[in-house]
Amino acid sequence: MQLKFLPSFVKRKGRITKKQTHSLSSLSEFSVKSIQEVEDFSKHFDKCYLEIGFGNAENIIFQAINNPSYLFIGSEVYMSGIGTLVSSIKENNINNIKIFSDDIRILLDQSPKIVFDSVIIICPDPWPKEKHHKRRLINKSFLEMVHDFMKDDSNIYISTDWENYAESISELFVKNKLFKPSSNKSFQKDSLSKFERRGKDEGRELFEFNYKKVS
């Protein structure tokens, strides 16, 4: 399928365990393919959260277990992370997570449904080389796109450990009128994610952005 946007990731086969491979055979049981499906599932829950790029699934699993009345939509393109999440869903009998296993912009390119109470993006791929900055997920068009699917007063949270990406994100929020700064996070983190820990271990500062949708 010809995409309308430049991919913000490069799919690589990578290392995948036998357990992850086995779990992927059950992926269809936990998948959503359309925003209409997301809306239909969300009707059975108090709130609906979207985590984009859940990595090894630490945060989304923690959030789902501790907020059983909320629906969590997890978007990820790497099969190892998806396999890990499916394993955890089955092992912990989690019934409030659904997975979109592709570029999130494919889901958000559909007719808008006002469904998300919170959007969470923890350490998106920084594409550190300047010539690759155009591949970064967080840009003007992405913020406009995700805004259309968020409820009034809903929050978007973004973290990055790359200073020049943080500068870019900050500038985007200053220039657009779709979001305003918020002091209230819509979720609680119990620990740093794998990529946040890596950045800290390598001496980088963690930058966090928490904004509220402006109607």
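Assorted remarks:
Quick grid of which residues meet (1) under 17 Å from the mean Cα position of the chain (by Cα); (2) at pLDDT 95 or above; (3) loosely packed, with under 13 Cβ neighbours inside 10 Å:
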| position | (1), (2), (3) |
| --- | --- |
| F9 | yes, no, no |
| I16 | no, no, no |
| S34 | yes, yes, no |
| E37 | no, yes, no |
| H44 | no, yes, yes |
| E51 | yes, yes, no |
| N56 | yes, no, no |
| S69 | no, yes, yes |
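- The numbered conditions (1) aliphatic (A, V, I, L, M); (2) part of a loop (DSSP other than H, G, I, E, B); (3) surrounded by 15 or more Cβ atoms within 10 Å (Cβ to Cβ); (4) without any contact (Cβ under 8 Å) to a residue 40 or more places away in the chain are all true for I61 except (2).
- Qualifying residue in the range 144-162 (condition: part of a helix (DSSP H, G or I), farther than 23 Å from A57 by Cα, in contact (Cβ under 8 Å) with a residue 12 or more places away in the chain and in contact with an Asp or Glu (Cβ under 8 Å, 6 or more places away or on another chain)): yes
- Unique match (being surrounded by 15 or more Cβ atoms within 10 Å (Cβ to Cβ) and either touching a strand residue (DSSP E or B) at 6+ places or on another chain (Cβ under 6 Å) or closer than 20 Å to I73 by Cα (or both)) among S154, S168: S154
- Subset of the range 166-210 that is outside any helix (DSSP H, G or I) and aromatic (F, W, Y) - its residue that is nearest to F142 (Cα to Cα): F179
- Test: residue in the range 102-121 that is closer than 22 Å to K18 by Cα and crowded, with 23+ Cβ neighbours inside 10 Å: no
- Considering the range 71-109, the residues that are under 11 Å from K33 (Cα atoms) and in a loop (DSSP other than H, G, I, E, B) include one that is modelled with the highest pLDDT, namely S101.
The values are calculated or read from the model by the stated rules, or taken from the named source; none is laboratory data. From a predicted model like this one, the values you see are computed outputs, not experimental measurements. Please note: Cβ atoms are built from the backbone with ideal geometry, for glycine as well, and neighbour counts cover all protein chains shown.
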